[in-house]
Number of protein chains: 2
Amino acid sequence: MLIVQKYGGTSVANIERIKAVAERVSKTAKEGNKVVVVVSAMAGETDKLIGLAHQVCSDPPEREMDLLLSSGERVTAALTAMALYGLGHKAIALTGRQMGIITDAVHTKARIEKIIATRAVKALEEGYIVVVAGFQGITEDEDVTTLGRGGSDLTAVAIAAALNADLCEIYTDVDGVFTADPNIAPNARKLEKISYEEMLELASLGAKVLQTRSVEFAMKYNVPVVVRSSFNWNPGTLVTKEDKDMEKVVVSGIAHDKNQAKITILKVPDRPGIAAKLFKAVADANIVVDMIVQNISSDGKATDISFTVPKTDAKKALELTEKISKELGAEGVLLNEDIAKISIVGVGMRTHSGVAAQMFEALANHGINIMAISTSEIKISCLINAKYTELAIRVLHDTFKLGEQ
Amino acid sequence: MLIVQKYGGTSVANIERIKAVAERVSKTAKEGNKVVVVVSAMAGETDKLIGLAHQVCSDPPEREMDLLLSSGERVTAALTAMALYGLGHKAIALTGRQMGIITDAVHTKARIEKIIATRAVKALEEGYIVVVAGFQGITEDEDVTTLGRGGSDLTAVAIAAALNADLCEIYTDVDGVFTADPNIAPNARKLEKISYEEMLELASLGAKVLQTRSVEFAMKYNVPVVVRSSFNWNPGTLVTKEDKDMEKVVVSGIAHDKNQAKITILKVPDRPGIAAKLFKAVADANIVVDMIVQNISSDGKATDISFTVPKTDAKKALELTEKISKELGAEGVLLNEDIAKISIVGVGMRTHSGVAAQMFEALANHGINIMAISTSEIKISCLINAKYTELAIRVLHDTFKLGEQ
């Protein structure tokens with residue numbers, strides 16, 4: 001088999017961990033597999049570098065930021081290859097460039113355009129374990145780029161797709177994908193299997209175990225992905241194509257996201273084109289709007305519009321909305337950062353009715369008010385007061401019997 | 001003017017220092033100069049990375065070592081470019097590869113083969129300050145290489161040669177080139193000017209202010225080099241072509257080197273080819289032999305041979321010599337690590353006679369025994385007991401009146 005293994009920051013946090021990773025890779029190779037290893041920067045390293053950058057420059061240029069940040073993964077890749085060499089393996093460390101990861105030129109969040117894996121293929125044929133610095137690529141102009149937070153997941157999945165690997169293992173510090181955050185729902189259960197679609201929703205909705213874009217990529221190229229822990233030998237969760245078994249389960253998991261803020265623009269005149277004007281301005285500022293609620297105006301004259309944005313963009317969005325509010329003659333603007341989004345996800349929802357009602361009822365029974373709702377074919381999200389987050393997760397976990405096998 | 005400035009590890013040791021360097025570069029640019037800045041890794045960073053490598057692998061592969069070590073300079077280059085950007089300049093950070101520094105494939109001590117400076121030239125024309133990660137290059141096969149200890153000096157001088165720069169400034173933590181180590185000879189004087197030949201001897205003989213190969217390179221391409229401090233505005237020392245003034249001075253400076261060890265092979269049969277056999281074996285082990293002394297045998301039957309090697313190679317050389325000693329039927333082998341090499345250097349020696357005698361007499365007058373002597377046209381080196389190092393330096397400094405202008 002050809003296996004791509006990705007080890008995140010906590011898995012390579014220090015010399016002991018890097019040696020442990022090398023042992024695990026060694027075992028996989030000794031079992032007769034060809035192995036490509038993708039590594040993140042040692043835990044904390046990227047944040048340290050970002051901190052240094054902001055100390056020398058309040059608004060560091062993104063091209064230089066990418067050059068700076070890419071160094072962390074290079075260090076880990078070199079050290080991991082050395083550790084494998086120390087265990088008697090032939091191992092070669094490749095940078096994003098040497099791995100042939102060509103991206104667009106959108107620095108700090110570049111997209112992979114293609115992978116020219118000639119060198120890696122040759123090295124694998126020659127019996128080398130290939131260790132790749134994750135999170136980075138190179139533009140056609142040979143500038144270093146990075147792929148954004150969680151980018152090493154994407155590196156691994158994209159390499160697995162390019163090499164037509166049999167398996168892509170994402171090693172992290174948790175045992176796999178859980179029905180809910182086990183720190184909040186004590187009877188949360190690790191899933192054996194989950195569909196790409198469900199994983200994509202969970203990742204988008206706040207589950208941090210896999211980067212959203214890497215799930216999209218795995219789905220597009222049909223790469224079997226296993227999420228598992230590098231700290232034990234438990235089997236992990238397989239992310240794969242939807243199958244019959246999965247459809248029997250109505251709800252597979254619960255996600256929550258506390259990193260959103262709600263902005264409400266009060267008593268805005270109820271005229272066509274108002275919402276368009278507002279959200280065009282927000283989009284032009286590169287702020288991603290998640291949920292939108294527009295109340296029906298009681299008198300046909302004025303209405304309230306609420307929307308959520310990432311907390312990091314809340315200030316910018318608030319300033320923008322206040323400006324537009326004046327132009328539109330609205331009464332005012334409110335910001336609420338004490339909110340949380342609770343979501344239930346499951347491919348079974350496609351064939352089961354009444355799931356939404358069940359969710360709303362369960363929350364209502366515990367006095368949890370719903371501020372906004374958004375749905376898709378396989379998920380339902382509710383915006384609630386942040387203080388009810390843990391309660392809502394436990395209530396829904398029980399309601400949909402997620403703790404039971 | 002086009003000026004290349006190189007800042008060493010202590011000059012960019014932390015954020016405050018990097019900001020100070022940016023201010024200095026900014027000043028140079030504002031005076032109307034085009035500037036290329038070459039930076040080392042932050043002080044201690046390279047040693048830290050070497051330490052990590054040896055923790056994961058007792059004998060790390062050199063290709064991966066280079067990938068590892070090259071990351072330190074990339075960090076400093078990115079941060080320095082950011083700091084310049086913060087001061088309102090257009091600045092771009094280039095890696096060794098982006099600077100077009102092509103080297104041979106001798107990892108950890110690669111030699112620069114050529115510099116394809118297209119990108120840097122274009123950036124300079126567009127008004128950018130170009131910040132280059134020192135110490136590194138890339139092979140024709142696109143593998144990262146490093147240039148060995150002090151390699152950033154070489155990066156700077158080679159770029160200055162390639163761009164036909166008007167000046168190459170090497171910024172360090174001392175004010176320039178001194179007549180002797182000021183920590184040892186309190187009246188040591190900073191030289192205003194020194195010839196390439198003298199600087200080359202001093203660097204080879206243990207003065208650490210400039211890397212030997214960078215001086216060779218500067219001499220070959222006639223690059224004017226100034227060594228000065230980044231911690232003050234003192235003018236530094238100009239390293240340049242020999243001129244009439246320099247020839248008037250007999251001795252320009254004193255160097256000392258405590259990093260050598262002496263190996264003596266006792267009572268080796270006095271036959272032709274013995275020395276050849278010994279030194280071929282040592283050379284084959286990649287150990288550089290510096291001084292060699294062969295005593296004249298009193299009886300024509302056996303002789304003692306002494307030679308010096310770098311202390312780091314002493315153990316390896318000793319084992320090798322012991323093996324050969326047995327094969328040759330010698331009496332035994334001695335190792336002496338308590339030695340020092342004291343050298344006086346000056347282009348004036350070419351036209352002044354009696355300098356050697358003056359040196360030997362001065363040492364003898366203070367009871368300092370000379371174990372070996374080696375000379376060139378512009379230098380005389382004596383091997384002495386290490387405990388006399390400081391005394392010898394002060395005695396010679398006074399004898400040749402180096403403290404006087």
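The values are calculated or read from the model by the stated rules, or taken from the named source; none is laboratory data. All figures in this text were calculated on a predicted structure; none of them were measured in a lab. Don't worry about glycine lacking a Cβ; one is built from the backbone with ideal geometry, like all the others, and counts go over all protein chains shown. Keep in mind that these areas ignore ligands, DNA and RNA; they rest on the heavy atoms of the full protein, side chains included. Shrake-Rupley method; radii C 1.70, N 1.55, O 1.52, S 1.80 Å.
Below is a table of values for the structure above.
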{"quantity": "Violating pairs (Cα-Cα greater than 29 angstrom) within the set A:267/A:341; B:241/B:401; A:27/B:311; B:262/B:401; B:48/B:193; A:315/B:34", "calculated": "A:27/B:311; B:262/B:401; B:48/B:193; A:315/B:34"}
{"quantity": "Label spacing, shortest first and in nm, from residue B:221 to its equivalents in the remaining copies (7 angstrom along Cα→Cβ)", "calculated": "4.1"}
{"quantity": "For residue A:372, residues with placed amide H under 5 Å, excluding near neighbours", "calculated": "A:383"}
{"quantity": "Å² of accessible area per residue within region B:283-405, as computed with a 1.4 Å probe and no ligands counted", "calculated": "52 Å²"}
{"quantity": "Dipole-positive endmost among A:214, A:120, A:391 within chain A (Cβ charges, Cα centre)", "calculated": "A:120"}
{"quantity": "With at most 15 other Cβ atoms within 10 Å, longest stretch of chain B clear of loop GluC sites (Glu not before Pro) (DSSP)", "calculated": "B:193-330"}
{"quantity": "Diffusion constant of the protein assembly as shown at 25 °C, which comes from Stokes-Einstein with the Kirkwood Cα-pair radius and 0.890 mPa s, µm²/s", "calculated": "79 µm²/s"}
{"quantity": "Net charge dipole size for region B:2-173 [Lys, Arg +1 and Asp, Glu -1 on Cβ; Debye, nearest 20]", "calculated": "580 debye"}
{"quantity": "Innermost chain B residue relative to the axis carrying B onto A, by Cβ distance in angstrom", "calculated": "B:71, 2"}
{"quantity": "Sites residue A:277 and residue A:118 - FRET efficiency at Förster radius 51 Å, r taken between beta-carbons, to 0.05", "calculated": "0.50"}
{"quantity": "Nearest-20 debye value, the protein assembly as shown charge dipole, Cβ charges on Lys, Arg, Asp, Glu", "calculated": "140 debye"}
{"quantity": "Percent carbon-and-sulfur accessible area, region B:2-173, ignoring ligands, DNA and RNA, probe 1.4 Å", "calculated": "48 percent"}
{"quantity": "Label point 7 Å beyond Cα along the C-beta direction, distances from residue B:281 to other copies (nm, shortest first)", "calculated": "8.7"}
{"quantity": "Euclidean distance of C-alpha centroids, region A:169-194 and region A:45-73, integer Å", "calculated": "32 Å"}
{"quantity": "Share of carbon and sulfur in the accessible heavy-atom surface of region B:243-405 [1.4 Å probe, %]", "calculated": "50 percent"}
{"quantity": "Lys/Arg +1, Asp/Glu -1 at C-beta; chain B dipole; positive extreme among B:302, B:381, B:283", "calculated": "B:381"}
{"quantity": "Difference of contour (0.36 nm per residue) and Cα-Cα distance, residue B:258 to residue B:357", "calculated": "33.3 nm"}
{"quantity": "Under the Karplus curve 6.51 cos²θ - 1.76 cosθ + 1.60, θ = phi - 60°, whole-Hz ³J(HN,Hα) for region A:171-186, x wherever Gly or Pro sits", "calculated": "8, 9, 9, 10, 6, x, 9, 9, 5, 6, 4, x, 5, 9, 9, x"}
{"quantity": "C-alpha center-to-center spacing [region A:114-168, region A:311-389] in angstrom", "calculated": "38 Å"}
{"quantity": "Span-like helix ranges in chain B, DSSP H, alpha carbon extent 30 angstrom or more, Kyte mean at least 0.0", "calculated": "B:62-86"}
{"quantity": "Using a 7 Å Cα-to-Cβ projection, residue B:122 label spacings across copies, nm, ascending", "calculated": "2.6"}
{"quantity": "Computed [θ] at 222 nm, deg cm²/dmol, the protein assembly as shown (DSSP H ≥ 4; -39,500 (n - 2.57); rounded to nearest 500)", "calculated": "-11000 deg cm²/dmol"}
{"quantity": "Cα centre as origin, Lys/Arg/Asp/Glu Cβ charges: region B:243-405 dipole, Debye", "calculated": "240 debye"}
{"quantity": "Spacing of the two label points (7 Å from each Cα toward its C-beta) at residue B:296 and residue A:142, in nm", "calculated": "6.1 nm"}
{"quantity": "For the pair A and B, total buried accessible area rounded to nearest 100 Å², probe 1.4 Å", "calculated": "3500 Å²"}
